[in-house]
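Here the structure is laid out as structure tokens; the discussion comes afterwards.
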Amino acid sequence: MEEAQKQEICVDERLQHIAFIMDGNGRWAKKRGMPREYGHAVGAKTFERVTRFCGDIGISTVTVYAFSTENWRRPQHEVRAIMKIFGEYLNTARKKADENRVHVVFIGDMSIFPENIREQMRTVDVETAQYPTTLNIAVNYGGRDEIVHAVNALLDEGKTHVTEEEISSRLYTAHSPMPDLIVRTGGELRLSNFLLWQSAYAEFYFCDTLWPDMGEAEIRAAVESFYQRKRRFGGV
Ligand code: IPE
Ligand code: IPE
Ligand code: MG
């Protein structure tokens, strides 16, 4: 993209963290007479493009909702196809690190994945740690699961009473600031168990664009909308 265009939407410290609910892959494919799996494959390409672009405009943390704790309810063939795409991403993430320029961190309950996959996730994390933009990829992620996990970690440490700060510090996103802007594509107006704790004072942007069609123009519109909001955090 043009340097001038890039400058046009450079962000400042007010917008450090954008989170995306990447929704609409299945409908995008169905509209084209294709199986839902095709939408996931194209959506994966969009994900790399969008996250690179967010880094380019100066966002320091991007979080994407890739697979929820509830998405296991989908037909086996679809789940298998999504996991295959995820495995391919893991295989190429190290090679593509210089191109994508993001520090890849996986968030969610990883205990469900076999040890070799978890090892790959840790390797990608360590080997991309030098890039300034953090990309949190939420897989087997659920906001409620995350809070329960945080509280159980505190109980295991012997705590009998917990504070907000302690819960925040045990979330999967403990290394990241709270999201400033949550963008959901695909037209649904809900959180679907995403960042429940962290979204307390986030701004929301919902659009009808289906995730595979997500691009620079829509991100620009989301960012512009964000800068028109007055965040009061309960003050006046
Ligand atoms: C989002 O797209 C991707 C995942 C949940 C893995 P969907 O697969 O939910 O697509 P729609 O919402 O059915 O169109
Ligand atoms: C939310 O999308 C989960 C992800 C984008 C990974 P869903 O398609 O699963 O959400 P619902 O079922 O419409 O609420
Ligand atoms: Mg959906």
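Summary of computed values
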quantity: Rg and Dmax [Cα atoms of segment 60-133; Å; Rg one decimal, Dmax integer]; calculated: 13.0, 38
quantity: Student exercise, segment 13-227 dipole from Lys, Arg, Asp, Glu Cβ charges, in Debye to nearest 20; calculated: 880
quantity: Mean residue ellipticity (222 nm) of the chain, computed from DSSP H runs ≥ 4 via -39,500 (n - 2.57), nearest 500; calculated: -13500 deg cm²/dmol
quantity: Three-way shape label, segment 1-71, alpha-carbon gyration tensor, a/c 1.5; calculated: oblate
quantity: Length gained when the stretch Asn91-His175 is fully extended (0.36 nm per residue, less Cα-Cα span); calculated: 27.8 nm
quantity: Extension gain from Glu70 to Asp213, taking 0.36 nm per residue of separation minus the Cα-Cα distance; calculated: 49.1 nm
quantity: Within-11-Å neighbourhood charge of Gln120 [Cβ basis; K, R +1; D, E -1]; calculated: -1
quantity: Reach of Lys31 by Cα under 20 Å, taken over lysines that are not fewer than 8 positions away in the same chain; calculated: Lys45
quantity: Dipole axis of the chain (+1 Lys, Arg; -1 Asp, Glu on Cβ), positive-most option in Gly187, His77, Phe53; calculated: His77
quantity: Counted charge near Arg74, where neighbours are those whose Cβ lies closer than 12 Å (Asp, Glu -1; Lys, Arg +1); calculated: 0
quantity: Local electrostatic count at Ala221 - Lys and Arg +1, Asp and Glu -1, tallied over other residues with Cβ under 15 Å; calculated: -4
quantity: Surface accessible to a 1.4 Å probe, Phe67 within the full protein complex, Å²; calculated: 0
quantity: Potential lengthening between Lys31 and Val151 on full extension [0.36 nm per residue; Cα-Cα distance subtracted]; calculated: 38.9 nm
quantity: Segment 13-227 - percent relative contact order, Cα under 8 Å, separation 6 or more; calculated: 30
quantity: Portion, in percent, of the accessible area of the chain that falls on carbon or sulfur, probe 1.4 Å; calculated: 52
quantity: Efficiency of FRET between Thr123 and Ser168 - r from beta-carbon atoms, R0 30 angstrom, step 0.05; calculated: 0.65
quantity: Calculated on alpha-carbon atoms, Rg and Dmax of segment 13-227 in Å; calculated: 16.9, 55
quantity: Amide H partners (placed H, <5 Å) of Thr63, local residues excluded; calculated: Ile18, Ala19, Phe20, Asn136
quantity: GNM top mover of Val148, Val62, Val124 - the chain, alpha-carbon springs below 10 Å; calculated: Val148
quantity: Long-range amide H partners of Leu195 with built H, under 5 Å; calculated: Gly143
quantity: Inter-site label distance for Glu8 and Arg80 at 7 Å from Cα along Cβ, in nm; calculated: 4.6
quantity: Separation between Cα centres of segment 78-140 and segment 199-236, rounded to whole Å; calculated: 26
quantity: Near-label residues of segment 118-132 by backbone N, under 19 Å of a point 7 Å along Cα→Cβ of Asp98; calculated: 124-132
quantity: All aspartates and glutamates inside 17 Å of Lys96 as judged from Cα atoms, apart from same-chain residues fewer than 8 positions distant; calculated: Glu48, Asp56, Glu88, Asp125, Glu127
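The values are calculated or read from the model by the stated rules, or taken from the named source; none is laboratory data. Remember, predicted model here, so these are calculated numbers, not experimental data. All Cβ positions, even for glycine, are placed from backbone atoms using ideal geometry, and neighbour counts span all protein chains on display. Accessible surface areas use protein heavy atoms only, side chains included; no ligands, DNA or RNA. Shrake-Rupley method; radii C 1.70, N 1.55, O 1.52, S 1.80 Å.
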